[in-house]
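Scroll down for the structure; my scribbles are underneath it.
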Amino acid sequence: MDSQKHGWIDFARFLAAFLVVLAHVCDWGHEPWFWGANYYTLSRIAVPFFFLTGGFLLLSKVEDLWTFFSKRAARIVIPFLAWSVYYDIQNTRPFAEAGVTFDAIAGMVVRILSVPREAHLWFFYSLIGLYLVTPVLRVFVANAKESELHYFIGLWFFVKPILLLVEGFTPIRIGFEVYYAAGYLGYFLLGYYLSRMEITPRLLRFAFFLFVLSYLFTFAVFYFDLPPAHNEAVLRDYPSLNIVIMSLGAFVLVRSLADKVPGSWIRLSSKASPVIFGIYLIHPMLLHWLALGMEAVGYDPYSGYSLFMIPAIALIAFLIAWGIVALVLKVPVLRRIF
């Protein structure tokens, strides 16, 4: 990948990785929740950024099936299995009573296949599903007319974010099997589509308007705890219409910085690129240790003014995680799981 032409991709992933850490410290610090709600609202674009940049990087390539899956197996499946086994052993202790038995191992396999063994590992389940259809999507985007691409993206908008709103606020339920165009598929396609678009001043102004409008609405959702609180998918989850619009606006804005981001930032983002995945994997564990360490020295991690406390802790955790993963990647045996 041309680091000058596509340096913004590394920058977008670098930003997303930091915002993931930020999301998980938004309940640290003291009041007011006003700042916590602002930080958490901004962090909602992080995971969509990973899917959007992934769509651009993967759907633009031409590879045979063996090359594609062998690369992804080494990069995704091995870490997925390693961390799922680790968290399953930590959380359920399957070998504590009878030792390593066939039944204990079979139970672990069933649990790993059924549900993430730690909350943040959900990302693997969506990503692996997208990877399985990526070779087909490549054929589609390579041969599709512009109108056909618009149709598929529009179909996803209807099936996912719009139907979430309809079914969340009305008694209407759709019985047709529309899940073929659901999930995070739309983010993948939109990442490919938006990365090919020419960024005109008009598009930039429109993207800025959409980002600000959807940001303010999403902030209100979290700050005022707007209904439906019992169904987070409607207004609070990554496929929610307001978060989709906010993420797309932010993505266009970041992409517009392609020729404006200082070279030092691009170089920093490029250096961080190999550790981004590892930071995502270890940051919940690191935050747990960090909280215990702060409590051990007599400091309450839930004290401190939230305006400063939340970004400060996020930055400290991000930098420590970066250092740990960078060291681990130097060990040949361990680098396979990061």
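The values are calculated or read from the model by the stated rules, or taken from the named source; none is laboratory data. On a predicted model such as this, the values are computed, not experimentally measured, just so you know. For neighbour counting, all protein chains shown are included, and Cβ atoms are generated from backbone atoms with ideal geometry for every residue, glycine included. Protein only, heavy atoms only, side chains kept; ligands, DNA and RNA dropped before computing areas. Shrake-Rupley method; radii C 1.70, N 1.55, O 1.52, S 1.80 Å.
Helix-only arithmetic for the chain: the sum of -39500 (n - 2.57) across DSSP H runs with n ≥ 4, divided by the residue total, places the mean residue ellipticity at 222 nm at -22000 deg cm²/dmol. Note on surface exposure: TRP35, TRP322, TRP156 rank TRP35, TRP322, TRP156 by accessible area, highest first, 1.4 Å probe. Take HIS120: with every protein chain present and a 1.4 Å probe, its accessible area is about 10 Å².
Ordered from longest to shortest, the equivalent ellipsoid semi-axes for the range 210-316 are 27, 25, 14 Å, each the square root of 5 times a Cα gyration tensor eigenvalue.
Among THR101, THR134, what's the order by accessible area (1.4 angstrom probe), most exposed first?
In descending accessible area the options line up as THR101, THR134.
Rounded to the nearest 20, the Cβ-based charge dipole of the chain about its Cα centre (Lys and Arg +1, Asp and Glu -1) stands at 1040 debye.
Projecting the Cα atoms of ASN242, PRO274, PHE18 onto the charge dipole of the chain (Cβ charges, centred on the Cα centre) puts PRO274 farthest toward the positive pole. Among the trypsin sites (Lys or Arg not before Pro) in the range 238-338, those placed in a DSSP loop whose Cβ has at most 10 other Cβ atoms within 10 Å are LYS260, LYS330.
When the residues ASP27, ASP300 are ordered by accessible surface, computed with a 1.4 Å probe over the protein chains alone, the sequence from largest down reads ASP27, ASP300. Once the whole set of protein chains is in place, how much accessible area is left on ILE199, using a 1.4 Å probe, in Å² to the nearest 10? Near enough 50 Å² of accessible area. Ignoring the sites themselves, the chain has its longest run without GluC sites (Glu not before Pro) in a DSSP loop having at most 15 other Cβ atoms within 10 Å at 199-338. Note on VAL261 and LYS145: with the Förster distance fixed at 35 Å, the Cβ-Cβ geometry gives a FRET efficiency of about 0.60. Solvent exposure of the chain, expressed per residue, is 51 Å² of accessible area, with all protein chains present and a 1.4 angstrom probe. If R0 equals 45 Å, the separation of the Cβ atoms of VAL166 and TRP289 corresponds to a calculated FRET efficiency of about 0.55.
Straight Cα distances below 17 angstrom link LYS330 to the lysines LYS271, with same-chain residues fewer than 8 positions distant left out.
Net charge dipole, the range 185-338: roughly 760 debye, given to the nearest 20, about the Cα centre with Cβ charges of +1 for Lys and Arg and -1 for Asp and Glu.
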